[in-house]
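To start, the structure under review is shown below, and the notes come after it.
The values are calculated or read from the model by the stated rules, or taken from the named source; none is laboratory data. All figures in this text were calculated on a predicted structure; none of them were measured in a lab. Don't worry about glycine lacking a Cβ; one is built from the backbone with ideal geometry, like all the others, and counts go over all protein chains shown.
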């Protein structure tokens, strides 16, 4: 418990909200979320005035995990209804935090292959219980990697740019654009890489948890989220390795 409380203190805003969302979803669907952890995270969130208007109203009134459980149990009878409600409740604040800065990661964190593997594994851990959340994490991993590469190279970009736009800038700087190569096989492979990035962005918009959905929306399965996460992880590693090798050769 002490270790987890200490870890929470190191979380940035995005990580904190995502942790809280995962915790209440777990409690709402039959698992546990310790009351001490619930109150510690809740207090930090409520103490952040910049997020005040984005925090769900029930967070402000449910002071303990038992109060939350009584609230969610009385409002929805099925696990799926509870998940969808909570994902929709946290979508605005997560979307805001995801796009307000270069990355949902603090600049003090070393952005290297080990870090990517850690985020990759965390996303995979969500694939079964929260396939939508795993897809959103996959997209975030790619976006963070692309923006990191552009930032280090001092290449300006629109912070609200979508994945294809960001990838286009990165691919030019790393000589990964298909049109920069003569060999057909390289054109084909690099064109496929571009398609993967574009597809991840589209998949997240369609199936991820960062936007509210109607009851008729398509639900991703575990295999869909696993594919998205593994594609994102592999692409992120490839891009970072290419960037590091390119930087080292200059």
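Tell me, please, whether a residue that is in a loop (DSSP other than H, G, I, E, B), under 20 Å from residue 96 (Cα atoms), at pLDDT 85 or above and in contact with a helix residue (DSSP H, G or I) (Cβ under 6 Å, 6 or more places away or on another chain) can be found in region 163-178.
The answer is no; no qualifying residue exists.
Suppose the filter is over 30 Å from residue 24 (Cα atoms) and not in a helix (DSSP H, G or I); does residue 185 pass it?
Judged against the criteria, residue 185 is not a match.
Which one of these does residue 219 not meet: (1) at pLDDT below 60; (2) in a loop (DSSP other than H, G, I, E, B)?
Among (1) at pLDDT below 60; (2) in a loop (DSSP other than H, G, I, E, B), the lone unmet condition for residue 219 is (1).
Determine which member of the set 118, 99, 140 is farther than 23 Å from residue 34 by Cα, out of contact with any strand residue (DSSP E or B) (no Cβ under 6 Å at 6 or more places or on another chain) and at pLDDT below 85.
Within the list 118, 99, 140, the selection yields 99.
For region 200-214, enumerate the residues that are at pLDDT 75 or above and out of contact with any helix residue (DSSP H, G or I) (no Cβ under 8 Å at 6 or more places or on another chain).
If the condition is that a residue be at pLDDT 75 or above and out of contact with any helix residue (DSSP H, G or I) (no Cβ under 8 Å at 6 or more places or on another chain), then 202 is the only one that fits.
Can you list the helices (runs of 4 or more DSSP H) found entirely within region 13-70 that contain at least 2 residues being farther than 17 Å from residue 85 by Cα?
Helices (runs of 4 or more DSSP H) meeting the threshold: 13-28, 35-46.
Just one of the numbered conditions (1) free of Cβ contacts under 8 Å to residues at least 40 places away in the same chain; (2) closer than 28 Å to residue 77 by Cβ; (3) within 21 Å of the chain's Cα centre (by Cα) is not true of residue 44; which one?
All conditions pass for residue 44, except number (2).
Quick check on my filter: what residues within region 148-162 are outside any loop (DSSP other than H, G, I, E, B), surrounded by fewer than 17 Cβ atoms within 10 Å (Cβ to Cβ) and touching a helix residue (DSSP H, G or I) at 6+ places or on another chain (Cβ under 8 Å)?
Answer for region 148-162, where residues must be outside any loop (DSSP other than H, G, I, E, B), surrounded by fewer than 17 Cβ atoms within 10 Å (Cβ to Cβ) and touching a helix residue (DSSP H, G or I) at 6+ places or on another chain (Cβ under 8 Å): just 152.
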